[in-house]
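To keep things clear, I will list the structure first and then write my remarks on it.
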Amino acid sequence: MKNIFYLPLLLLIIFGCSQNHTNKITDIIQPINLEEGIEKEVVISDLFYAPSYNLTFSPNENLIIVHDTVNNILKLKAKEGFTGLDLLQFSCDNQQYYIPFKLEPRKKYLFSYKPKGKPKQVNLFGQFNSWDRSSLPMSDDDKNGIFEISIPLDPGRYEYKFFVDRKELIDPQNPVKVPNGLGDYNSVIIISSDNKARLYLHTLNYETDDQLKEYNYYYENHSSGSINESNIVALLDNQIINPTLIKVDGNKITLMFHDDIIEGERLIRIAVKQNGKFSNIQSTRIIDGQPINKKSPQSWYDAIIYSLMIDRFSNGDPTNDNPIKHDSLFSPANYNGGDFQGIINKINEGYFNLLGINTFWISPIVDNTNKAYREYPPPHRYYTGYHGYWPISLQGVEEHFGSLNLAEELINKSHKNKIKVLLDFVAHHVHEENPLWKEHRDWFGDLELPDGRKNLRLWDEYRLTTWFEPYMPSFDYTKSKEALETMTDNAIWWLQETNADGFRHDAVKHVPNEFWRLLTKKLKEKIEVPDQTQVFQIGETFGGFDLISSYVNNGQLNSQFNFNLYDTAIPVFLNPEISFELLDNQMQKTFQVYGVNHLMGNLVSSHDKIRYMAYADGDLEINDGRASEFAWTNPPKVDHPSSYDKLKLHLAYILTIPGVPVIYYGDEIGMTGASDPDNRRMMRFDNDLNEYEKQTFKDVSKIIHSRSDHSSLRYGDFLTLQADKNIYAYLRSDLNERILVILNKSEKEQQVNLTLPDIYNIKTANDVISADSFQVKDGSISFAVKGIGYRILKLE
């Protein structure tokens, strides 16, 4: 494979532990989050890759450690009284490594339900447990007729229900409810932050001379107490930084390295622990000692993904259109003519370079059925496989899009234009016309359940075996090793054959972790190590943090779409009564789970969601149950020019926060749409755009290029300065620069007054979009932000 993003860590050596002492663990081992009184079980291959795992763990005064060498599992439980941040030491091939682990105490919240009758079973379920109907049983211990349960929760917004004798019920005592998109409602609870001052570690600057590199940080702590070297937790990659290389002067912390220690690409991680608490973990990526900047080789942290549905993007070759003929099939659910050649033409025209995109996620290119099939849920409309998710082949290419040779040409053309390509891979199911279903029925789950129901769309109850349609058999990988091997080998084949750079994976939570572990192991062995590169894998999972994050680690996927943040951001931006504080709480939860510098995908719209513009323009409510019918009978159109500004504001948000931004085709012009298939309209260009759409493209392009031009928006930390009803202001800093972002969702212009940390010694702030300039006096800055507007300011 060629033209792949530069690795976060060099893969010039073989991963893992062996008898050759020059080999090292090169995956960055992420912190393990612990909970009070709960044993955490970790599959060691999820922490890092190695050809073999001959490990020895050292005792730790804060941990109870069980190392299951047979199953390669590590079991950790915090000892009573421990909170904070610490390091677990282990050896591999006589080299010492360290795993960060942390525990933040959480408050418990009481849920109660008083039934009218005498139910046999009452359970609580919601976003906090990925809608698992069985894991949180409620009890009536004092026999007063009220069922209760207390669970620990972080500040944030949570949707939930009660499961009473197999019936889903909202909380009758809670008047706050929202549509759930399934024709019903969910109850909502909002838990506010206690607003206690947090410990914060700031980046200061980077200094260098001929042989010595210094990285400076500043510890902000409003409580009393000084710090010294023993309070510092510092790692270079996965190895502890010698205390002799750490200098503490008051609250200023300096790391000092000679050039020979920091050759190649390395990662510095540093935090301060004090009195059972700990600061944010600062991450500084360096190449030969130099903090990563605009001139550095690109990594996946630089990715700006453009998601496009091939059939709906551009028709470059009308000779392959051939829509499916069926008397009950209508155009929105049929092939519309988009193809590989259409994408190639737009690359040649410079469309994507002008927009600022550097990564494609293209819908599945595998061959799909040439027949129309009836959707199971009412009103039972007919659809085709235009979307690519009804595969009838392992290696065939959909002829409506072009040939395998043309797919390879598309990818090569993309690479020449510095655009990476992610293929959409379907691992969960096949179409009934697929030979695998005909020849290997034992590889698949059963459609008929023992209780007489059909195992259809039981997303949570039968998560790993549920079928999406009666004609789409679902693999049951838990009972078929042959299916596991065949489908993971098939994924490898597609990358090696096409020279693509990675995958977007469909329906991740409906496929067991074992599949993703085997696939990632094969990717490392057959592509990453031999080709000295990194394959990027981003998945799609709807659920709570625990479920989504269970697939995101070094042994499975690099990333998933951050639907937890998406689900909070949509109502916050569009409801004038909801404060940005709610979004900031969810942002902090994201950092707690994935770290500040993560690769989770941030989106505004997708092919599975109502388009943002339909919300912004007031055509549909969030998770509106009418969206499916509107898609056919009342497709939204944009009536209010201000809706384009609302879209641009939300795009300014996802393009300036940590994570990987994902632009769904049409976002750049303000395309609207209800549910599938209306959210998959044919893309429009040039003279087919109105003046508002043309201006939206220009403005969105400026925001995208701002992200590409400023390393702190891709690698920097995140410091919230203001989060209230109208304004969200946050600061992104790395050792190169500081960028201040201000979002105003009010329709009225807002005068913003902010206080910047004194230690930054900021004098001016320059708007990277408008070129406006503002003076900073004694750490204070004041400026106006227009209604439904934003500013991106570089601080000097």
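The values are calculated or read from the model by the stated rules, or taken from the named source; none is laboratory data. Everything numeric in this text was worked out from a predicted model, so none of it was measured. Please note: Cβ atoms are built from the backbone with ideal geometry, for glycine as well, and neighbour counts cover all protein chains shown. Calculation scope for accessible area: heavy atoms of the full protein, side chains included, ligands and nucleic acids excluded. Shrake-Rupley method; radii C 1.70, N 1.55, O 1.52, S 1.80 Å.
Quick look at the values:
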| read-out | value |
| --- | --- |
| Nitroxide proxy distance, nm - points 7 Å out along Cα→Cβ at Lys107 and His222 | 1.6 nm |
| Solvent-accessible area per residue for the range 397-481 (1.4 angstrom probe, square angstrom) | 43 Å² |
| Cut-off 20 Å (backbone N to label point 7 Å along Cα→Cβ of Asp194), residues of the range 110-151 | 110-111, 150-151 |
| The range 211-289 - accessible surface per residue (Å², probe 1.4 Å) | 43 Å² |
| Amide H contacts of Gln722 (H built 1.01 Å from N, under 5 Å, at least 5 apart or other chain) | Ala729 |
| Eligible lysines near Lys521 by straight Cα distance, threshold 16 Å, same-chain separation 8 or greater | Lys481 |
| Contour excess over end-to-end distance, with Cα ends at Ile38 and Leu458 and 0.36 nm allotted per residue | 148.3 nm |
| Kyte-Doolittle mean at least -1.0 and Cα axial length at least 20 Å: DSSP H helices in the chain | 481-498, 580-594 |
| Dipole magnitude of the range 30-101 about its Cα centre (Cβ charges: Lys, Arg +1; Asp, Glu -1), debye to nearest 20 | 100 debye |
| Per residue accessible area in Å² of the range 717-793, where ligands, DNA and RNA are left out and the probe is 1.4 Å | 42 Å² |
| Residues of the range 456-478 with amide N under 11 Å of the 7 Å Cα→Cβ point at Glu514 | 476-478 |
| Separation of the Glu432 and Lys75 label points, Cα + 7 Å toward Cβ, nm | 4.6 nm |
| Kirkwood-type radius of the chain, with distances r between different C-alpha atoms, in Å | 27.8 Å |
| Label-point separation, Gln695 to Glu749 (7 Å along Cα→Cβ), nm | 1.6 nm |
| Rounded percent of accessible protein surface that carbon and sulfur make up, the chain, 1.4 Å probe | 47 percent |
| Beta bridges per DSSP with both ends in the range 30-101, % antiparallel, nearest 5 | 95 percent |
| Spatially proximal aspartates and glutamates relative to Lys438 (Cα-Cα < 13 Å; intrachain offsets below 8 disregarded) | none |
| Segment Lys116-Ser58, length gained on full extension (0.36 nm per residue, minus Cα span) | 15.4 nm |
| Built amide H within the under 5 Å cut-off of Ser307, gap 5+ | Trp361, Ile663, Tyr664, Tyr665 |
| Efficiency of FRET between Lys521 and Glu439 - r from beta-carbon atoms, R0 30 angstrom, step 0.05 | 0.70 |
| Residues of type aspartates and glutamates that Lys418 reaches as a straight line, Cα spacing below 16 Å, ignoring anything fewer than 8 places off in the same chain | Asp302, Glu349, Glu408, Glu409, Asp501, Asp709 |
| Per-residue SASA entry for Thr478, accessible area with 1.4 Å probe, Å² rounded to 10 | 100 Å² |
| Residues Lys295 and Gln775, FRET efficiency given R0 of 25 Å [Cβ-Cβ distance, rounded to 0.05] | 0.25 |
| Unsatisfied cross-links (Cα-Cα over 28 Å) in the set Lys247/Lys777; Lys609/Lys646; Lys295/Lys786; Lys77/Lys143; Lys213/Lys702 | Lys247/Lys777; Lys295/Lys786; Lys77/Lys143; Lys213/Lys702 |
| Percent of beta bridges antiparallel (DSSP, the range 717-793, rounded to nearest 5) | 100 percent |
| Size of the range 30-101 as Cα extents on the principal axes (Å, biggest first) | 36, 22, 19 |
| Under 5 Å, built H, 5+ apart or other chain: amide partners of Leu423 | Asp501, Gly502, Phe503, Arg504 |
